[in-house]
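All of the numbers you see were taken from the coordinates with simple rules; none came from a lab. Since the structure is predicted, the reported quantities are computational estimates derived from the model, not experimental observations. Glycine gets a Cβ as well: all are built from the backbone with ideal geometry, and neighbour counts include every protein chain shown.
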Amino acid sequence: MTENEEKLSGFERRSHKDRRNHNHFKIRTLFIYGNRRTIRRQEDRYKIFYLDRYSTALFACIVSILLLSVIDALLTLFLVEHGAVEINPLMAYYLNTDPLVFMSIKYLLTSFSVFILLMCGNVPAKKIKITISSIFPFVIAAFASVVAWQLFLIYRVVF
């Protein structure tokens, strides 16, 4: 039986259900290696689309951001011990509570922010025509400049 004959007889194998309609994030993809590395269809490029697999370069960006955040926290603790003041009121509160709490909150906030950027990494920002994942190098540059500034301040305090 040909495809046209199947349609005419009312017997068609497809259910006419588009499997792509269920494009939400599944928690199981965090534990089981996923399948989606890129957005394949042109029409999906303008929708919110979650990927399961990420590039090595993106992984390096995420590790760099988290590492720079920890270095920033350690340098902040050193500078505060030598007379500096934390100007962020939220982080100053946690810094006054306990240094370990300060480090934990800073790491958790950074991790959560990176996770949100990662999940929305393929969402196109329509006005500036870039994807969210292209922001990662700018975040690295911002953290690196903060760490460089703190190292400059430490150099001025010590020497």
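Observations
- Cβ-Cβ FRET estimate between Val80 and Ala141, R0 fixed at 22 Å, reported to 0.05: 0.35
- Pairwise FRET efficiency - Ser113 versus Phe159, Cβ, R0 = 41 Å, nearest 0.05: 0.75
- Charge tally in the Cβ shell below 13 Å around Phe102, where Lys, Arg are +1 and Asp, Glu are -1, Phe102 excluded: -3
- Relative contact order [Cα under 8 Å, 6+ residues apart], region 48-117, whole percent: 35 percent
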